[in-house]
1. Exactly one of (1) free of Cβ contacts under 8 Å to residues at least 60 places away in the same chain; (2) out of contact with any strand residue (DSSP E or B) (no Cβ under 8 Å at 6 or more places or on another chain) is unmet by Ser107. Its number?
2. Is one or more of the residues making up region 71-80 under 18 Å from Gly129 (Cα atoms), in contact with a Leu (Cβ under 8 Å, 6 or more places away or on another chain), at pLDDT 95 or above and not basic (Lys, Arg)?
3. List, please: which pairs have Cβ atoms under 9 Å, are six or more places apart or on different chains, and start with a residue in region 130-141 that is surrounded by fewer than 10 Cβ atoms within 10 Å (Cβ to Cβ) and end with one that is charged (D, E, K, R) and in a loop (DSSP other than H, G, I, E, B)?
4. Restricting the search to region 47-76, which residues are surrounded by fewer than 15 Cβ atoms within 10 Å (Cβ to Cβ) and outside any strand (DSSP E or B)?
5. Quick check on region 120-131. Is at least one of its residues part of a helix (DSSP H, G or I) and closer than 25 Å to Pro63 by Cβ?
6. Assess whether Thr92 counts as being closer than 22 Å to Ser48 by Cα and more than 21 Å from the chain's Cα centre (by Cα).
7. Would you tally the residues in region 96-115 being in a helix (DSSP H, G or I), small (Gly, Ala, Ser) and within 15 Å of the chain's Cα centre (by Cα)?
Amino acid sequence: MSYHATHYHDTKRFLSCNGAACSLQKHEMFLSMPKKRNYSASGGTALSNIKLLVLDVLKPHKPILPEFTETLSNLENVVGVNVSLMEIDQKTETVKISIVGENINYSEIEKLIEGLGGTIHSIDKVAAGKKIIEEVDTGQDR
């Protein structure tokens, strides 16, 4: 899937009042999206500023967790990997994988996990940019 630069036209309606008389007015806007850049999880341009990925993965029992984790940690630009066992079934394990590094290539991680027999169920967290920003609890989190 690719996203690219585009312009679009949006018309907003609002109520305008002048003294006792009110009328429905139109406000037209032209919005501009960012410059073209391709994002793709399966090929294309690598997502370049990723520093943290948290993935929910279903994997077979083999390779065992230490081997699985070590294999992921050997990827280029990966500084550290945490793998936590969340659930275990007769033939599979559900694990949470946290990967930290510089310019992490999601496509490479996805291919490696699939090569090890796993499937990514979801991307639960991503941090990108010059540094990882710590999350702050808000009133909605309580």
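1. (1)
2. Yes, region 71-80 contains a residue that is under 18 Å from Gly129 (Cα atoms), in contact with a Leu (Cβ under 8 Å, 6 or more places away or on another chain), at pLDDT 95 or above and not basic (Lys, Arg).
3. Short answer, once both residue conditions are applied: Asp141/Glu135.
4. Selection gives Ser48, Asn49, His61, Lys62, Ile64, Leu65, Pro66, Glu67, Glu70, Asn74, Glu76.
5. Checked against the condition, which is being part of a helix (DSSP H, G or I) and closer than 25 Å to Pro63 by Cβ, region 120-131 yields no hits at all.
6. Working: closer than 22 Å to Ser48 by Cα: no; more than 21 Å from the chain's Cα centre (by Cα): yes.
No; evaluated as a whole, the condition is false for this residue.
7. Going through region 96-115 one residue at a time, the tally reaches 1.
The values are calculated or read from the model by the stated rules, or taken from the named source; none is laboratory data. Nothing here was measured: the structure is a model prediction, and the numbers come from that model. Every residue, glycine among them, receives a Cβ derived from its backbone with ideal geometry; neighbour counts consider all protein chains shown.
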